[in-house]
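Heads up: the structure comes next, in structure tokens.
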Amino acid sequence: MLENVLIGEIPWTTYHERVRGGGTVVLLPVGALEQHGPHLPMNCDVVIPAGIAEGVARRIGGLVAPPIAYGYKSQPKSGGGNHFPGTTSLDAMTLILMIRDVIKEFARHGVRKLAVMIGHYENTMFAVEGIDLALRDLRADGIHDMKIVRADYWDFTSEDTIRRVWTEGFPGWATEHAGVMETSVMLHLHPHLVDMTKVPLHPPAKFPAYDVYPVNPDWVPSSGALCSAKVATAEKGALFVNEYIHNIAHAFAKEFGVPLSEDLVTAAQ
Ligand SMILES: [Zn+2]
């Protein structure tokens with residue numbers, strides 16, 4: 001039986017034992033509640049980094065914190081925009097302070113190795129700010145040995161995987177919103193949440209080189225997806241997820257100086 005690596009599902013006593021020495025890596029997924037087209041659920045940006053974090057935690061003896069399930073405002077060119085019903089976002093200040101506060105709490109428990117796992121493109125720089133403010137506060141409190149890594153999982157995709165998945169050319173990560181990668185990964189991790197009969201078939205969205213505020217909803221396909229996920233499959237999803245877990249576990253083991261174990265989840269590689 002696999003050990004439970006989810007912080008929210010273990011007693012405080014077990015958690016305390018694991019983190020008090022500072023050697024255990026805590027992984028914090030930071031997602032969003034955001035529309036992902038008519039074929040995907042709105043929690044993709046939460047459950048994808050959380051699923052990857054779980055696989056990584058198993059390989060590096062880490063623990064996964066409950067994800068931050070809301071994120072910064074969806075942008076038309078990367079997430080469709082905040083005009084879609086369902087997309088529910090935080091002001092940047094709120095997100096920054098949530099991330100800062102949670103990191104400082106983990107530090108208070110003894111955690112000294114922490115990874116922020118971004119699942120929603122728009123969160124990235126606000127997570128950086130939350131990390132920076134937390135480290136500044138911790139230094140003022142006399143804590144100087146906290147190390148934090150921030151990772152956007154899609155950056156761990158190899159050129160080889162991109163060539164294998166997008167045989168007609170890679171459109172870029174921005175228009176991949178609710179596209180081939182996210183849909184494939186969801187078909188692998190949570191197939192019951194995907195309805196392939198509802199996949200939009202429209203061409204990829206095209207945007208001007210600038211942004212306009214308030215946003216113009218006419219720029220965005222009414223489906224909410226920025227391209228078509230019609231070639232998404234669970235097999236491609238397994239390819240992505242195994243690669244992300246493998247590459248991120250290797251990167252974190254190196255950065256945090258913790259042992260790495262190969263495990264059943266990715267044994268098929
Ligand atoms: Zn997404």
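The values are calculated or read from the model by the stated rules, or taken from the named source; none is laboratory data. What you are looking at is a predicted structure, and each value in this text was computed from that prediction instead of being measured. When we count neighbours, we look across all protein chains shown, and the Cβ atoms used for this are built from the backbone with ideal geometry, even at glycine.
Out of the residues in segment 112-134 that are β-branched (Val, Ile, Thr) and part of a helix (DSSP H, G or I), which is surrounded by the most Cβ atoms within 10 Å (Cβ to Cβ)?
Selected residue: Ile131.
Give me a count of the residues in segment 194-231 that are within 13 Å of the ligand (Cβ to nearest atom) and out of contact with any Ser or Thr (no Cβ under 8 Å at 6 or more places or on another chain).
Result for segment 194-231: 2.
Would a scan of segment 246-260 turn up a residue that is aliphatic (A, V, I, L, M), within 16 Å of the ligand (Cβ to nearest atom) and either at pLDDT below 95 or within 24 Å of Val46 (Cβ to Cβ) (or both)?
no
Assuming Glu176 fulfils every condition listed in (1) modelled with pLDDT under 95; (2) more than 16 Å from the ligand (Cβ to nearest atom) apart from one, which condition is it?
(2)
Could you run through segment 70-81 and say how many residues are surrounded by fewer than 23 Cβ atoms within 10 Å (Cβ to Cβ) and either out of contact with any strand residue (DSSP E or B) (no Cβ under 6 Å at 6 or more places or on another chain) or aromatic (Phe, Trp, Tyr) (or both)?
The number of residues fulfilling the criteria is 6.
Hey, could you check segment 88-101 for residues that are under 17 Å from the mean Cα position of the chain (by Cα) and closer than 13 Å to Glu129 by Cα and say which is surrounded by the fewest Cβ atoms within 10 Å (Cβ to Cβ)?
Ranking the qualifying residues of segment 88-101, first place goes to Met98.
List the pairs whose first member sits in segment 66-94 and is on the phi > 0 side of the Ramachandran plot, whose second member is surrounded by 17 or more Cβ atoms within 10 Å (Cβ to Cβ) and aliphatic (A, V, I, L, M), and whose Cβ atoms are under 7 Å apart, counting only residues at least 6 apart or on separate chains?
Gly80/Val220; Gly80/Leu226; Gly81/Val215; Gly81/Val220; Gly86/Met42
Whether any residue in segment 92-111 is part of a strand (DSSP E or B) and not aromatic (Phe, Trp, Tyr) is what I want to check.
The answer is no, given that none of the residues of segment 92-111 is part of a strand (DSSP E or B) and not aromatic (Phe, Trp, Tyr).
Criterion first (surrounded by 24 or more Cβ atoms within 10 Å (Cβ to Cβ) and either touching a residue at least 24 places away in the same chain (Cβ under 8 Å) or touching a Lys or Arg at 6+ places or on another chain (Cβ under 6 Å) (or both)) does Gly37 satisfy it?
yes
Under the condition of being farther than 14 Å from Asp101 by Cα and not polar (S, T, N, Q), which residue from segment 119-140 is nearest to the chain's Cα centre (by Cα)?
Going through the qualifying residues, I end up with Gly119.
Quick test of your reading of the structure: Val149 fulfils all but one of (1) assigned to a helix (DSSP H, G or I); (2) more than 16 Å from the ligand (Cβ to nearest atom). Name the failing condition by number.
Val149 satisfies all of (1) assigned to a helix (DSSP H, G or I); (2) more than 16 Å from the ligand (Cβ to nearest atom) except (1).
Any idea how many residues of segment 22-68 are in a loop (DSSP other than H, G, I, E, B), within 16 Å of His190 (Cβ to Cβ) and away from the ligand (no atom under 13 Å from the Cβ)?
1
Any idea which of Pro221, Pro203 is touching a Cys at 6+ places or on another chain (Cβ under 8 Å) and either touching a residue at least 12 places away in the same chain (Cβ under 8 Å) or surrounded by fewer than 19 Cβ atoms within 10 Å (Cβ to Cβ) (or both)?
Result of the check over Pro221, Pro203: Pro203.
Within segment 141-180, how many residues turn out to be more than 30 Å from Arg100 (Cβ to Cβ) and without any contact (Cβ under 8 Å) to a residue 24 or more places away in the chain?
10
Within segment 73-121, how many residues turn out to be touching a helix residue (DSSP H, G or I) at 6+ places or on another chain (Cβ under 8 Å), more than 16 Å from the ligand (Cβ to nearest atom) and of a type in the set (Lys, Arg)?
Going through segment 73-121 one residue at a time, the tally reaches 3.
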